[in-house]
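The values are calculated or read from the model by the stated rules, or taken from the named source; none is laboratory data. Quantities reported herein were computed from a predicted structural model and do not represent experimental measurements. Cβ atoms come from the backbone with ideal geometry, glycine included; neighbour counts cover every protein chain shown.
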Amino acid sequence: MGIRGNGAGTGAISYKVTKRSNSTPVVYSIITGTAGQVRNLNPNTDQTATVGNISDSKANAYSGGASISDIYAFQWTLDAEL
């Protein structure tokens, strides 16, 4: 789940196990399953997501243009094979 902050919806991604490299997670809408999208539950629509602040233990998913009452939900996967 994510919340609005500074004009963008932000959701934290935390890994259970620290990875050996900084791989980029892929986010998916929880309703449509579309890759690169998060679900905005307030108007119930998918919105384009950007993944950033990537490290070996976490990342963030962002959606631009959020309003104060927006709530974001998404699933994610990570392939960290070397």
Exercise. Does segment 30-57 hold any residues that are at negative phi, at pLDDT 95 or above and of a type in the set (Gly, Ala, Ser), and which are they?
Worked result: ALA35
Exercise. Going through segment 34-67 one residue at a time, which ones are farther than 17 Å from ILE13 by Cβ and in a strand (DSSP E or B)?
Worked result: ASN40, THR45, ASP46, GLY64
For this session: Return yes or no: is ASP70 at pLDDT below 80, over 11 Å from the mean Cα position of the chain (by Cα) and either more than 13 Å from THR10 (Cβ to Cβ) or assigned to a loop (DSSP other than H, G, I, E, B) (or both)?
Result: yes
Exercise. If THR24 passes every condition in (1) surrounded by fewer than 17 Cβ atoms within 10 Å (Cβ to Cβ); (2) within 14 Å of the chain's Cα centre (by Cα); (3) at pLDDT 90 or above but one, which one does it miss?
Worked result: (3)
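Name every residue in segment 31-78 that is among the β-branched types (Val, Ile, Thr) and surrounded by 12 or more Cβ atoms within 10 Å (Cβ to Cβ), in order of residue number.
So in segment 31-78, the residues among the β-branched types (Val, Ile, Thr) come out as 31-32, 34, 38, 45, 48, 50-51, 54, 68, 71, 77.
Scanning segment 31-78 gives ILE31, THR34, VAL38, THR45, THR48, THR50, VAL51, ILE54, ILE71.
Taking ILE31 as the residue in question, decide whether it is of a type in the set (A, V, I, L, M, F, W, C), in contact with a strand residue (DSSP E or B) (Cβ under 6 Å, 6 or more places away or on another chain), part of a loop (DSSP other than H, G, I, E, B) and over 12 Å from THR10 (Cα atoms).
On the way: of a type in the set (A, V, I, L, M, F, W, C): yes; in contact with a strand residue (DSSP E or B) (Cβ under 6 Å, 6 or more places away or on another chain): yes; part of a loop (DSSP other than H, G, I, E, B): yes; over 12 Å from THR10 (Cα atoms): yes.
So ILE31 passes the test.
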